[in-house]
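Structure first, commentary second.
The values are calculated or read from the model by the stated rules, or taken from the named source; none is laboratory data. Fair warning: this is a prediction, and the values are worked out from it, not measured in the lab. Quick reminder, even Gly has a Cβ in these numbers, built from the backbone with ideal geometry, and neighbours come from all protein chains shown.
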Amino acid sequence: MSRTLRVLPFLLVSVACGGCDGSSGAGRDIIQNKGSDTLVFVALSWAERYGEINPSVAVAVSGGGSGTGISALVNGTADIANSSRKMRNREIEGAQSRGIEPIEYVVGFDALAVFLHPDNPIEALSITQLAEIYAEGGSHETWSQLGVSVPGCSSDEIVRVSRQNNSGTYAYFQDAVLGQADYKLGSLHMNGSSEVVDLVANTPCAIGYSGLAYATEEVEMPCISTDGGDCVSPSVESAIDGRYPIARPLFMYTAGEPTGMIKEYMDWILGEAGQCILVDKGFAPAGSVSCA
Amino acid sequence: MLTERVQLSTSIDLDHRGRDWYTDKAVTFLVFVGGISAIVLIIGIFVFITKEGLGFIAGSLDVREFFGSLAWRPTSPTKPTYGILGLIAGTASVTGLAMVVSVPFSLGAAIFIGEFATGRLRETLKVLVELLAAIPSVVWGFIGLSLLNPLIIDIFDVPVGLGVLNSGIILGLMAAPIMTTIAEDALKAVPDTYREAAEAMGATKWQVIFRVVLPAGRNGLVAAVLLGVGRGFGETMAVLMATGNSIKIPTSPFDSVTALTATIAAELGDAPVGSDHYRALFTLGILLFVVTFIINLTADLVVRRAGRK
């Protein structure tokens, strides 16, 4: 529920000392890390583990969305921005006009899974079918148009579950699946990935999408195919080897070439220790790593 | 102590500015600041939201699209559009249904508390109604999401239980306590001589209430309903959780909709500061502010007219 409170995105965690700021107080340096809700749980785990390894540095993590993190980086209130989408040209220009050159890191990949109610008999969907369901002007409005009848869904209507329009997940799905076309109006906009999964799990008529890391056993995930291609199920493996068609890179941005503790933290995240934490949370690593 | 001070003040020069004089001035000043703070704040808030929203109104606003189009697509990569017809329809339908739910409830409760209940029962009921008003809106939203949602799906066999019906019931229950309290005050303001005169002429209890008390307290009751409307119109959290957040003109009570307030709450956090999207949300804020202001002002004027009679 707290994720709905996105107007107050203060999820300050892992700062052991209560009121100390900067290098004063108990002698811990603080890195401010802010942004994407998709990445927030990984970022929290990173911060927690890094605090154990390197007790002199505390990483303060907060969510709020990719856009929030990027504007915080530009405004100087965050040292590292997390983003589930690439920075837009406008945002880069805005940063440069303030003398900040954002440096981009790809820290991992996220397979975007499509969710269906377990009673839904569909096992495979193509990108074209998804676009017909979600995009403005698309023809699919009922499950029978897809050739199935869904038990428990007497109205036959496809209930489209989507994210709120400023989410990085929403933007990526629009790019990769709808080909930049607008969404149909009348989709249900949820304020978080877990809300999408919850709603689909309780609604036989529903279809939804979100990061694979948020999938639970209460939803079904069909395999996804491009036109003429094989149908690939979403998994960490299929996202790593590039077979899964809708896997997106996850980014972190620093203001300028990082130095000192921020550089050390970024190196650690991109190293084996950091990448294995990412894999553990259900994402695919940026490079090949072997984790226990 | 007291006699000592009295003696002191009589013994000294009346013109002398002692501690009491300064205390008096300081307290007067503090009370003055407190008194005008409401005015200062309301002007400040209005200036703030107008400053942010006017840039959009003057620059990119297309009035016909704004009020006439369903397409609220502020983040579209190809062509952002800012149509708020769906948001207005959502807010209006939810508030409308909330009034259908809460007016009978709260008027009934006010009549019972004001005219029938006596002694202990009356006091207990009043306290309980006020307690109901103190339930945080996020708790109401939670009730809508996890209690009403499955209930509506089960009873009516609809795909999704989040929508006009769900949030209308929730908002109705939220507005009812305030409306009950104000309506009861309005009934209490009707002089007992009216009731006694009616009873003396042989009217029954119901006749007294329907023919004498309710017409006499009419203005206060209208004000109660208007304040309830204002409450429903401005409510955000419960609406965000119970409407389903879907841009649509509802054709049935089970349709999912979205509201002006919920749109601001869901999108402002991520809208880049200064962008058209950000300013458009502030324009929604101006609209909300103006409408609630008009509703509350009307309610206030109605009450004043009642008071003058």
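Mind listing whichever residues of region A:145-166 are at the interface with chain B (Cβ under 7 Å from one of its Cβ atoms) and either free of Cβ contacts under 8 Å to residues at least 24 places away in the same chain or in contact with a Pro (Cβ under 9 Å, 6 or more places away or on another chain) (or both)?
If the condition is that a residue be at the interface with chain B (Cβ under 7 Å from one of its Cβ atoms) and either free of Cβ contacts under 8 Å to residues at least 24 places away in the same chain or in contact with a Pro (Cβ under 9 Å, 6 or more places away or on another chain) (or both), then A:Cys153, A:Ser154, A:Ser155, A:Glu157, A:Val159, A:Asn165, A:Asn166 are the ones that fit.
Mind listing just one residue for me: the one in region B:75-108 that is surrounded by 20 or more Cβ atoms within 10 Å (Cβ to Cβ) and in contact with an Asp or Glu (Cβ under 8 Å, 6 or more places away or on another chain) and, of those, nearest to B:Asn166 (Cα to Cα)?
B:Gly83
Would you mind stating whether B:Arg211 is surrounded by fewer than 18 Cβ atoms within 10 Å (Cβ to Cβ) and modelled with pLDDT under 90?
Considered against the rule, which asks whether it is surrounded by fewer than 18 Cβ atoms within 10 Å (Cβ to Cβ) and modelled with pLDDT under 90, B:Arg211 comes out as no.
Looking for something within 13 Å of chain B (Cβ to nearest Cβ) and more than 24 Å from A:Val42 (Cα to Cα) - is there at least one such residue anywhere in region A:207-225?
Checked against the condition, which is being within 13 Å of chain B (Cβ to nearest Cβ) and more than 24 Å from A:Val42 (Cα to Cα), region A:207-225 yields at least one hit.
Mind checking which residues of region B:126-148 are of a type in the set (S, T, N, Q) and at pLDDT below 90?
Passing the criteria: only B:Ser146.
Please count how many residues of region B:152-196 are in a helix (DSSP H, G or I), in contact (Cβ under 8 Å) with a residue 12 or more places away in the chain and either surrounded by fewer than 16 Cβ atoms within 10 Å (Cβ to Cβ) or away from every other protein chain (no Cβ under 14 Å) (or both).
Here the count works out to 25.
Would a scan of region B:51-64 turn up a residue that is crowded, with 16+ Cβ neighbours inside 10 Å, part of a helix (DSSP H, G or I), away from chain A (no Cβ under 14 Å) and among the charged types (D, E, K, R)?
Yes, because at least one residue in region B:51-64 is crowded, with 16+ Cβ neighbours inside 10 Å, part of a helix (DSSP H, G or I), away from chain A (no Cβ under 14 Å) and among the charged types (D, E, K, R).
Can we say A:Ala171 is part of a helix (DSSP H, G or I) and crowded, with 20+ Cβ neighbours inside 10 Å?
yes
One residue is enough: does region B:286-309 have a residue meeting the conditions part of a helix (DSSP H, G or I), touching a residue at least 40 places away in the same chain (Cβ under 8 Å) and within 14 Å of another protein chain (Cβ to nearest Cβ)?
No: region B:286-309 contains no residue that is part of a helix (DSSP H, G or I), touching a residue at least 40 places away in the same chain (Cβ under 8 Å) and within 14 Å of another protein chain (Cβ to nearest Cβ).
If I filter region A:260-292 down to residues being among the aliphatic types (A, V, I, L, M) and either in contact with a Leu (Cβ under 9 Å, 6 or more places away or on another chain) or outside any helix (DSSP H, G or I) (or both), which single residue comes out as surrounded by the most Cβ atoms within 10 Å (Cβ to Cβ)?
Just the residues of region A:260-292 that are among the aliphatic types (A, V, I, L, M), to begin with: A:261-262, A:266, A:269-270, A:273, A:277-279, A:284, A:286, A:289, A:292.
Subset that is either in contact with a Leu (Cβ under 9 Å, 6 or more places away or on another chain) or outside any helix (DSSP H, G or I) (or both): A:269, A:278, A:284, A:286, A:289, A:292.
Numbers: A:Ile269: 22, A:Leu278: 28, A:Ala284: 24, A:Ala286: 19, A:Val289: 16, A:Ala292: 4.
Per the criteria, the residue is A:Leu278.
Going by the structure shown, is B:Val27 away from chain A (no Cβ under 14 Å), more than 29 Å from the chain's Cα centre (by Cα) and assigned to a helix (DSSP H, G or I)?
Here the answer is yes, as B:Val27 does meet what is asked.
I'd like to verify a number: residues in region A:57-89 that are surrounded by fewer than 21 Cβ atoms within 10 Å (Cβ to Cβ) and without any contact (Cβ under 8 Å) to a residue 40 or more places away in the chain, how many?
3
Could you please give the count of residues in region A:175-189 that are facing chain B (nearest Cβ under 7 Å) and either crowded, with 23+ Cβ neighbours inside 10 Å or in contact (Cβ under 8 Å) with a residue 40 or more places away in the chain (or both)? Full working, then the answer.
Here is the first cut: in region A:175-189, the residues facing chain B (nearest Cβ under 7 Å) are A:180, A:182, A:185-189.
In the following step, the residues that additionally are either crowded, with 23+ Cβ neighbours inside 10 Å or in contact (Cβ under 8 Å) with a residue 40 or more places away in the chain (or both) were identified as A:182, A:185, A:187-189.
Qualifying residue count for the region: 5.
Among what's in region B:65-87 and is assigned to a helix (DSSP H, G or I) and either acidic (Asp, Glu) or out of contact with any helix residue (DSSP H, G or I) (no Cβ under 7 Å at 6 or more places or on another chain) (or both), pick the residue that is nearest to B:Ala238 (Cα to Cα).
Within region B:65-87, the first condition is being assigned to a helix (DSSP H, G or I), and the residues that meet it are B:65-68, B:85-87.
Remaining after also requiring either acidic (Asp, Glu) or out of contact with any helix residue (DSSP H, G or I) (no Cβ under 7 Å at 6 or more places or on another chain) (or both): B:65-66, B:86.
Numbers: B:Glu65: 28, B:Phe66: 25, B:Gly86: 18 Å.
Among those residues, the one meeting the criterion is B:Gly86.
If you take the residues in region A:186-201 that are in a loop (DSSP other than H, G, I, E, B) and modelled with pLDDT under 90, which one is farthest from A:Phe41 (Cα to Cα)?
Per the stated criteria, the residue is A:Gly186.
Inside region B:256-285, can you point out the residues that are facing chain A (nearest Cβ under 9 Å), buried (at least 21 other Cβ atoms within 10 Å of the Cβ) and outside any helix (DSSP H, G or I)?
B:Ser256, B:Thr258, B:Asp270, B:Ala271
State whether one or more residues within region B:228-240 are in a helix (DSSP H, G or I), buried (at least 22 other Cβ atoms within 10 Å of the Cβ), small (Gly, Ala, Ser) and within 14 Å of another protein chain (Cβ to nearest Cβ).
Yes, because at least one residue in region B:228-240 is in a helix (DSSP H, G or I), buried (at least 22 other Cβ atoms within 10 Å of the Cβ), small (Gly, Ala, Ser) and within 14 Å of another protein chain (Cβ to nearest Cβ).
Considering region A:85-120 alone, what residues qualify as being away from chain B (no Cβ under 14 Å) and under 16 Å from A:Ser233 (Cβ atoms)?
Passing the criteria: A:Phe109, A:Asp110, A:Ala111, A:Leu112, A:Ala113, A:Val114, A:Phe115, A:Pro118.
Could you please find all residues in region A:212-240 being free of Cβ contacts under 8 Å to residues at least 24 places away in the same chain, hydroxyl-bearing (Ser, Thr, Tyr) and in contact with a strand residue (DSSP E or B) (Cβ under 6 Å, 6 or more places away or on another chain)?
If the condition is that a residue be free of Cβ contacts under 8 Å to residues at least 24 places away in the same chain, hydroxyl-bearing (Ser, Thr, Tyr) and in contact with a strand residue (DSSP E or B) (Cβ under 6 Å, 6 or more places away or on another chain), then A:Ser233 is the only one that fits.
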